[in-house]
1. Condition first: at pLDDT 95 or above, aromatic (Phe, Trp, Tyr) and touching a helix residue (DSSP H, G or I) at 6+ places or on another chain (Cβ under 7 Å). Can you find one or more residues in region 97-108 that meet it?
2. Out of the residues in region 50-61 that are within 12 Å of Val87 (Cβ to Cβ) and within 21 Å of the chain's Cα centre (by Cα), which is surrounded by the fewest Cβ atoms within 10 Å (Cβ to Cβ)?
3. Do the conditions hold for Ile79, that is, is it within 25 Å of Gly182 (Cα to Cα), out of contact with any Cys (no Cβ under 7 Å at 6 or more places or on another chain) and of a type in the set (A, V, I, L, M)?
4. What single numbered condition from (1) buried (at least 16 other Cβ atoms within 10 Å of the Cβ); (2) closer than 22 Å to Arg26 by Cβ fails to hold for Met118?
5. Take region 155-180 and flag every residue that is of a type in the set (A, V, I, L, M, F, W, C) and either over 13 Å from Gly39 (Cα atoms) or in contact with a Gly (Cβ under 9 Å, 6 or more places away or on another chain) (or both).
6. Tell me yes or no: at least one residue of region 9-28 is closer than 20 Å to Gly128 by Cβ and modelled with pLDDT of 90 or more.
7. Any residue at all in region 77-87 that's touching a Pro at 6+ places or on another chain (Cβ under 7 Å), part of a loop (DSSP other than H, G, I, E, B), β-branched (Val, Ile, Thr) and within 20 Å of Val170 (Cα to Cα)?
Amino acid sequence: MEQITPNNSSNLLDQPQIELQHLFDRMKAIRAFVLDVDGVLTNNDVLVTEDGAFLRTMNVRDGQAIKWAVEKGYHFCVITGGRSEGVSNRLKTLGIQQIYSGISKKVPVFEQFIREFMLSPIEVCYMGDDLPDLPVLRKVGLPACPSDAVPEIINVARYISPLNGGQGCVRDIVEKVLKLRGDWPVY
């Protein structure tokens, strides 16, 4: 199998991509995770308070897996259409620095992220659950989704977590990738 290394070209998106057919090969190539928020890191429910604030819940085990991956040097980026200071604060406590909120077109942000960190699209796992995620899912080496994603997303995903959004689906994919690459913590 051909060795996968990041290309130092200024425009990685123009480089020919190696086609990885086997799911395990795709997972072994991953150096970065890009995530949506609502429906991936949350369960898609929004609690609206009397004063109009939106509240979401996030899975603590998802957060722990993200922390471990960040400590091992994996890059993380969150691209979401929503805007929530609370969500951004939570993600920052997990070690995620690249947080893009209020984004309707995700591809330009994704392209900026991979250029900044000199990543090839094949080295990226993107997890999304709804139609705004589709353009980026079509560009990455490992398109993934929670089990309750919309049918169009499930149809393009190479990995469908058995878990729903906000119920540990991020931990599921991060754990699998880190274990395959020998990076999962052992206590």
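The values are calculated or read from the model by the stated rules, or taken from the named source; none is laboratory data. Here the structure is a predicted model, which is why all the values come from computation and not from measurement. For neighbour counting, all protein chains shown are included, and Cβ atoms are generated from backbone atoms with ideal geometry for every residue, glycine included.
1. yes
2. Ranking the qualifying residues of region 50-61, first place goes to Thr57.
3. Values: within 25 Å of Gly182 (Cα to Cα): no; out of contact with any Cys (no Cβ under 7 Å at 6 or more places or on another chain): yes; of a type in the set (A, V, I, L, M): yes.
No; evaluated as a whole, the condition is false for this residue.
4. Going through the list (1) buried (at least 16 other Cβ atoms within 10 Å of the Cβ); (2) closer than 22 Å to Arg26 by Cβ, Met118 breaks only (1).
5. Val156, Ala157, Ile160, Val170, Ile173, Val174, Val177, Leu178, Leu180
6. Scanning region 9-28 turns up at least one residue that is closer than 20 Å to Gly128 by Cβ and modelled with pLDDT of 90 or more.
7. Pass one, region 77-87, residues touching a Pro at 6+ places or on another chain (Cβ under 7 Å): 81.
Still in the running and part of a loop (DSSP other than H, G, I, E, B): 81.
With the extra rule that they be β-branched (Val, Ile, Thr), the set shrinks to none.
No; the residues of region 77-87 include none that is touching a Pro at 6+ places or on another chain (Cβ under 7 Å), part of a loop (DSSP other than H, G, I, E, B), β-branched (Val, Ile, Thr) and within 20 Å of Val170 (Cα to Cα).
For every residue, the table says whether it meets (1) in contact with a strand residue (DSSP E or B) (Cβ under 6 Å, 6 or more places away or on another chain); (2) part of a loop (DSSP other than H, G, I, E, B).
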{"site": "Phe33", "(1), (2)": "yes, no"}
{"site": "Thr42", "(1), (2)": "no, yes"}
{"site": "Gln64", "(1), (2)": "no, no"}
{"site": "Ala69", "(1), (2)": "no, no"}
{"site": "Asn89", "(1), (2)": "no, no"}
{"site": "Lys92", "(1), (2)": "no, no"}
{"site": "Ile96", "(1), (2)": "yes, yes"}
{"site": "Ile103", "(1), (2)": "yes, yes"}
{"site": "Pro108", "(1), (2)": "no, no"}
